[in-house]
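Below is one structure; the comments refer to it alone.
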Amino acid sequence: MDSGSKAERLILNFKEISKDDIPYVGGKGANLGEMYNAGFPVPPGFVITALTYKKFLEDTGIKQEMQEVLAELNVDDNDSLQSASKQIQTIIRSELIPEYIAAEITRAYDAMYKSAYDLPRTAASFINASREPPFVAVRSSATAEDLPQASFAGQQQTFLNVKGSKNVLEAVRDCWASLFTARAIFYREKNNFDHFKVFIAVVIQRMVDSTKSGVAFSVDPVSQDPNKIVIEAGFGLGEAVVSGSINPDNYVVSKDEFKILETKIMKKDFMIRRSPEGKNIHIDLEEPKSTSKVLDDEEIVQLAKAIKMIEDHYGGKPQDSEWAVEGKKLYIVQTRPITTLREKGVGGPEEKAIEPAGDAILTGLPASHGVISGTVKIVHDMDELDKVQVGDIMVTKMTDPDFVPAMKRASAIVTDEGGMTSHAAIVSREMGVPCIVGTGKASTTLHDGDKITVDATHGKVYMGEIKIEQPKEAETANLKPIEEIQTHTKIYMNLGIPDMIDKYVNLPFDGIGLMRLEFIIADEIKEHPLKMLKEGRQDEYVEKLANGIQKVAKAIFPRPVVIRFSDFKTNEYSGLAGGKEFEPSEENPMIGWRGVSRYVSGIFEPAFRLECKAIKKLRDDGLTNVHVMFPFVRNTAEVMKGIEILNSEGLERSEDFKIWLMAEVPSMAIIPEEFAKLDIDGASIGSNDLTQLTLGVDRDSQLLGNMGYFDERNPAVLHAISRIIRGFKKHNKTISLCGQSVSVYPEIAEFLVACGITSVSVNPDVVESVKRHIAEIEAKQAFLDIAQEKEGL
């Protein structure tokens, strides 16, 4: 084994590593060494340090060749990005590992199974010959992965069930090459990280051939109850549980007395085991094995105690741990801090209801969590909205803005259609009403007067009134007070219903990044603006619009309120009183006559001017925190025409009056700079519409949603977003995002910060959790900025 200080070592054994060794072994390596030396049952192993990777580059002389490839890279061109990644990985994999490095790695691997005792050579050879080389996991551990602030780890590769020194060396080289996957290159480019000041260590750890495995949380990850440990368990290797491929057993244990509070035994259809050749194989499970309990009570308590000890070791910080049982021995194979805990009281308790026994009559997507029992009222169309009284459960095919008055009265909402970004989902989350969408058949399965229980935490509906236990809202221990958290990225809030501002006014948001006029029009005015103009009641229309906006603007003054001009589609405007007289029939209203195209048409322009007059009235009354945004922008010509109308109504862009565009149509991603050059202040990316139009996927399609087609993380969508951000920032314009993606997918939040987003605007229920997460991302980025200023490791 090589000697010298840790900074000079090629190999470090777990027993030599602590949490302070991140610069040498990366976050994952430091974490494993810390637990190993604290006495936790961590499988043995060693780490090939980041210095080894650096010496590999230096000794082989390939760094210049790699730099030449990167010099030609256009990171926003997917073909260029993929080509550069393939070329660099090929360069690395084509090089032999220098002999002295290979010898050190081989020696460390051999020591995992060969005799280390001081025996005569003949005796040692005899003993070693009878021992099989172990299967090991070869894991990448980048110098900034798995820090407490991080949430975007896993850019590099892991190789499981590797056996023999030759295969280990190949896997190590493949780990080094994975530092230059397309995803990793893109991430570093967007963060302005020097590719050659980011290093990678490689963890070599004995594989656990587990008969039982799973995950454990030191706090309930949903209800956030700090006094409960939650364990999920399955048979075989942990991949089946971690990937969500099976329904694992669920055990809940009290943290103070280690008393088993709940045991839920699920049917486990299969398990994964390792074949003698080192391949993972699926084995179907039959009765009684499939429905048998994975862990006995003694094992549950033993595991719970280990999880509590891990949390204590990390200063009481909640932990998400992976565990495995081989034979009779329990192993902890990984632990990381839980970074998704919400602040107490944000949008109501996020309880994890305990599912009742019995079969659900309907299942769907849990759009807005909560549990409620009540009487069904089926709503087939607008004429039946009055059926819904306070406390009823509204069941319908799908909601639209006209349904908001009834949605306010409902205790829960269940729909046949729609996904997590549908109207019902978005509005119910804003109102804090339990909601299940996409059941497929709720309106035909249920009947008026039925008594049902809606478990919107799990997306299930039960017949009758069923008591479903909900843990009390948990205190959020060990979290920095939200009022002490500051972010460079502005955190705005979305709002549609003016009355809801009283509930959310004290949340830590920097302003309203998206206030939708549709809710005021549908809920308060209820009439088509052209009908009111025709009847000479335009002042009434302006007054009602202004009153709705004023309630919000006054409540949060001087924080800004960005008003998105109305974006009703023809089918929605038709539903207003008198609407059918003025609205054409369209086969596909989603991409029809909507947004700015309405305002600049001769037919609707007078109605748009009423919205402008309402804004002007408020600003003249001293509410100078009111600004505007054009929705569903398709081309620059319509924007210029829209701005002309604004100007003619006395609304001109200035230091205290901002004009933004919604970036929802791919045309803005294709030529972003053409839009950024206009007389505007910036743009806000509507990720829901941008995703559906980029991918050609109806955002409300239950079928495509269930198949995974609607996904804001699709590379094409991320590429479109990055182009918009880059184009607007080049012209010193602000850029925001106001879709659901930033609160649903943590990796998108990190992607946006890396791209330089100015702000994000999210629903009220996630304002605090998103602010906390953005702060963690920015702290991580600041750490990396400091690290890059240092030469070497």
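The values are calculated or read from the model by the stated rules, or taken from the named source; none is laboratory data. This is a predicted model, so every value here is computed, not measured. Here Cβ is always computed from backbone atoms with ideal geometry, including for glycine, and neighbour counts include all displayed protein chains. In case anyone asks, the SASA skips ligands and DNA or RNA and just uses the protein heavy atoms, side chains included. Shrake-Rupley method; radii C 1.70, N 1.55, O 1.52, S 1.80 Å.
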Cross-link reach from Lys6 to aspartates and glutamates, straight Cα distance under 17 Å and at least 8 residues apart if same chain, gives Glu16, Asp20, Asp21, Glu34, Glu104, Glu791
Rounded to whole angstrom, the alpha-carbon centroid of region 64-108 lies from that of region 188-217 at a distance of 18 Å
Nitroxide proxy distance, nm - points 7 Å out along Cα→Cβ at Ser601 and Lys408: 2.9 nm
State to the nearest 20 debye the size of the charge dipole of the chain about its Cα centre, where the only charges are +1 on K and R beta carbons and -1 on D and E beta carbons. 1300 debye
Note the angle between two axes, namely the Cα long axis of helix 538-556 and the longest principal axis of the Cα atoms of the chain, as a number of degrees from 0 to 90, rounded to the nearest 10. 40 degrees
Quick one: with all protein chains in place, what share of the accessible area of the chain is carbon or sulfur, to the nearest percent (1.4 Å probe)? 49 percent
Once R0 is set to 30 Å, what does the formula 1/(1 + (r/R0)^6) return for the Cβ-Cβ distance between Tyr113 and His282, expressed as a FRET efficiency to the nearest 0.05? 0.60
Value of D in µm² per second that Stokes-Einstein yields for region 591-671, Kirkwood Rh from Cα pairs, at 25 °C (0.890 mPa s): 185 µm²/s
More than 22 Å apart - percent of Cα-Cα pairs taken over region 481-561: 36 percent
Using Cα-only point scatterers and the Debye equation, what is log10 of I(q)/I(0) for region 164-235 at each q in 0.12, 0.19, 0.26 Å⁻¹, rounded to two decimals? -0.68, -0.86, -1.07
Relative to the longest principal Cα axis of the chain, at what angle does helix 297-313 sit, 0 to 90 degrees, rounded to 10? 80 degrees
Separation in nanometres of the label points that stand 7 Å from Cα toward Cβ, at Lys441 and Ile670: 4.3 nm
Over the heavy atoms of Lys616, what accessible area does a 1.4 Å probe trace out, to the nearest 10 Å²? 60 Å²
Translational D (Stokes-Einstein, µm²/s) of region 1-57 at 37 °C and 0.692 mPa s when Rh comes from the Kirkwood sum over C-alpha pairs? 293 µm²/s
Treat each spin label as a single point 7 Å out from the Cα along the C-beta direction, and report the Lys551 to Leu261 distance in nm. 3.8 nm
What FRET efficiency comes out for Thr624 versus Leu533 if R0 is 35 angstrom and r is the Cβ-Cβ distance? Round to the nearest 0.05. 0.80
Of Lys259, Lys467, ordered by accessible area with the largest first and a 1.4 Å probe, the sequence is Lys467, Lys259
Would you mind calculating the gained length between Arg93 and Glu68 on full extension (0.36 nm times residue separation, minus the Cα-Cα distance), in nm to one decimal? 7.3 nm
Based on the Cβ-Cβ distance of Glu239 and Asp59, what FRET efficiency does E = 1/(1 + (r/R0)^6) give at R0 = 22 Å, to the nearest 0.05? 0.05
Just the C-alpha atoms of the chain: what Rg/Rh do they give, with Rh taken as the Kirkwood radius? 1.01
Listed residue (Val461, Phe604, Val162) projecting farthest to the positive dipole end of the chain, Cβ model: Val162
Using alpha carbon centroids, what distance separates region 502-567 and region 602-637, in Å? 11 Å
Accessible area per residue in Å² at 1.4 Å probe, computed on the chain: 41 Å²
Binning at 10 Å from 0, report for region 249-332 what percent of all alpha-carbon pair distances ends up in each bin. 15, 38, 33, 13, 1
Once the principal axes of the Cα atoms of region 669-753 are found, what is the range along each, listed largest first in whole angstroms? 41, 24, 18
Taking the chain as the reference, fit the longest principal axis to its C-alpha atoms, fit the long axis of helix 636-648 to the helix C-alpha atoms, and give the angle between the two in degrees, 0 to 90, nearest 10. 50 degrees
Which of rounded, prolate or oblate describes region 15-112 when judged by the alpha-carbon gyration tensor and an a/c cut-off of 1.5? prolate
